[in-house]
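Quick notes on the structure that follows.
The values are calculated or read from the model by the stated rules, or taken from the named source; none is laboratory data. Values in this document were obtained by computation on a predicted structure and should not be read as measured data. Please note: Cβ atoms are built from the backbone with ideal geometry, for glycine as well, and neighbour counts cover all protein chains shown.
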Amino acid sequence: MSRCLLPSALPLAALLVTACSSNPGVADTPAAPLQTQAAAGLYVSNGKLVDANGVPFIFQGINFPHAWYAGKWSAAMGQMKARNANSVRMVLATGCRWTKTEYNVINDMISAARTNKLVLVLEVHDTTGYGEQAGACTLAHAANYWVGMKNSLVGHEKHVIINIGNEPYGNVNTAAWTADTKAAIRTLRSAGLRHTIMVDAPNWGQDWSGTMRTNAAGVFTADPLRNTIFSVHMYGVYTTASSVNAYISAFVNAKLPLVVGEFANTFQGSSVAYGTVMSDSKARVNGYMAWSWSGNSGVDAPLDLVNNFNPSSPTTWGSLLFKDLTTAKPSTLF
């Protein structure tokens with residue numbers, strides 16, 4: 001998540017036209033998997049992410065900002081589960097922007113997620129806004145971090161997903177996203193990591209340029225295991241039901257897996273079509289993960305789900321989300 005989600009040179013109306021065409025399309029048709037991933041863990045089948053029992057897994061999860069609040073994730077894991085979340089996306093760091101998340105912390109997170117029956121998405125946040133945000137790291141850097149954490153990850157393919165890098169491009173040079181994402185996927189696979197890989201869209205995650213949407217099939221095919229899921233973040237570009245529907249439809253029509261990896265009910269004064277995000281992502285693709293448990297500040301403070309990390313003090317956004325989480329179902333593997 002970042003505040004710099006929209007290019008200042010374009011009005012919101014123009015962005016909605018660009019991002020939400022009624023006939024967006026996805027180039028090419030993905031090739032069939034080279035081998036089944038059922039034995040390893042979560043895997044993509046027929047355009048959906050399924051668990052090792054072959055049952056589609058629909059995310060109804062929450063993002064947690066570990067990189068900035070390192071001491072709070074352990075208690076929060078159980079608290080999010082108590083709200084019936086079935087997954088959590090943990091913000092990690094490689095050290096190039098924020099303090100490096102070490103392997104022992106990852107080990108503990110994996111153990112806690114398993115205890116709480118949560119699918120765990122681990123993401124590197126240092127890549128946020130690369131090309132536009134000073135100090136942001138490349139996807140290649142993030143991929144090397146994951147290779148370095150291999151010993152903590154192997155053996156947990158049934159309930160751990162590797163989200164290579166958060167919002168890996170801002171609004172500058174987004175055309176490079178495709179080649180860089182393919183290369184990062186190959187780095188992980190060459191190192192022997194067989195987990196489901198999650199890749200975020202450029203344009204601060206919102207893909208208003210359609211870069212991920214257009215190139216998703218080629219990126220999927222670049223994964224020799226065909227086990228990659230795509231993640232779009234829905235904030236100020238997605239203020240209408242039609243804009244949400246159009247983006248989701250592109251992936252449904254292309255038979256490619258999609259999750260809304262971040263969203264909220266509002267963004268810096270604009271209403272987000274959060275109800276459509278929830279309903280459509282659950283019914284048509286692989287669900288959603290809300291931003292975020294707590295710790296947002298300034299103009300982003302309304303994106304907190306609970307006040308001051310207090311699970312008994314939901315915000316307006318939290319009350320809306322927690323009501324929807326009553327329909328969440330854990331992975332059948334737990």
Checklist outcome for this item: residue 133 meets each of (1) within 24 Å of residue 41 (Cα to Cα); (2) more than 18 Å from the chain's Cα centre (by Cα) with one exception, condition (1)
Checklist entry - Restricting to segment 218-273, what's the tally of residues that are assigned to a loop (DSSP other than H, G, I, E, B) and at pLDDT below 95? => result 2
Item to check | Candidate set from segment 100-129 (those that are of a type in the set (Val, Ile, Thr) and over 19 Å from residue 57 (Cα atoms)); member that is nearest to the chain's Cα centre (by Cα) | outcome: 124
Next on the checklist: Can you go through 217, 246, 254 and tell me which one is surrounded by fewer than 20 Cβ atoms within 10 Å (Cβ to Cβ), touching a helix residue (DSSP H, G or I) at 6+ places or on another chain (Cβ under 7 Å) and touching a residue at least 12 places away in the same chain (Cβ under 8 Å)?
Outcome noted: 217
Item to check | Matching entry among 86, 63 (being crowded, with 17+ Cβ neighbours inside 10 Å, farther than 18 Å from residue 232 by Cβ, at pLDDT 95 or above and touching a Lys or Arg at 6+ places or on another chain (Cβ under 8 Å)) | outcome: 86
Item to check | Verdict on residue 295 being modelled with pLDDT under 95 and out of contact with any Leu (no Cβ under 6 Å at 6 or more places or on another chain) | outcome: no
Checklist entry - So which residues in segment 284-320 are hydrophobic (A, V, I, L, M, F, W, C) and either more than 30 Å from residue 46 (Cβ to Cβ) or surrounded by fewer than 23 Cβ atoms within 10 Å (Cβ to Cβ) (or both), if there are any at all? => result 293, 299, 301, 303, 305, 306, 309, 317, 320
Checklist entry - Among the residues of segment 113-135 satisfying the criterion of being farther than 30 Å from residue 82 by Cβ and in contact with a Lys or Arg (Cβ under 7 Å, 6 or more places away or on another chain), which is surrounded by the fewest Cβ atoms within 10 Å (Cβ to Cβ)? => result 135
Checklist entry - Scanning for something surrounded by 13 or more Cβ atoms within 10 Å (Cβ to Cβ), under 15 Å from residue 292 (Cα atoms) and either at pLDDT 95 or above or out of contact with any helix residue (DSSP H, G or I) (no Cβ under 9 Å at 6 or more places or on another chain) (or both), does segment 34-52 turn up at least one residue? => result no
Checklist entry - Within segment 278-293, is there a residue that is touching a helix residue (DSSP H, G or I) at 6+ places or on another chain (Cβ under 8 Å), under 15 Å from residue 328 (Cβ atoms), aliphatic (A, V, I, L, M) and in a helix (DSSP H, G or I)? => result yes
Item to check | Which listed residue, of 227, 173, 151, is closer than 20 Å to residue 289 by Cα and either more than 16 Å from the chain's Cα centre (by Cα) or crowded, with 19+ Cβ neighbours inside 10 Å (or both) | outcome: 227
Item to check | Search result, residues across segment 176-190 that are hydroxyl-bearing (Ser, Thr, Tyr) and surrounded by fewer than 22 Cβ atoms within 10 Å (Cβ to Cβ) | outcome: 178, 187, 190
Checklist entry - So which residues in segment 196-217 are touching an Asp or Glu at 6+ places or on another chain (Cβ under 6 Å), closer than 23 Å to residue 120 by Cα and outside any loop (DSSP other than H, G, I, E, B), if there are any at all? => result 200
Next on the checklist: Please go through (1) of a type in the set (A, V, I, L, M, F, W, C); (2) within 21 Å of residue 292 (Cβ to Cβ); (3) surrounded by fewer than 23 Cβ atoms within 10 Å (Cβ to Cβ) for residue 193 and return the number of the only condition it doesn't satisfy.
Outcome noted: (2)
Next on the checklist: Could you list, ordered by first residue, the pairs with Cβ atoms under 8 Å in which the first is in segment 183-194 and on the phi > 0 side of the Ramachandran plot and modelled with pLDDT of 95 or more and the second is part of a helix (DSSP H, G or I) and not aliphatic (A, V, I, L, M), at least 6 apart or interchain?
Outcome noted: 192/150
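To keep it simple, each residue is scored yes or no on (1) over 16 Å from the mean Cα position of the chain (by Cα); (2) over 23 Å from residue 127 (Cβ atoms).
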position	(1), (2)
45	yes, yes
52	yes, yes
58	no, yes
68	yes, no
71	yes, yes
88	no, no
Checklist entry - Checking residue 189 against (1) in a helix (DSSP H, G or I); (2) closer than 27 Å to residue 86 by Cα; (3) among the charged types (D, E, K, R); (4) touching a Ser or Thr at 6+ places or on another chain (Cβ under 8 Å), which test does it fail? => result (4)
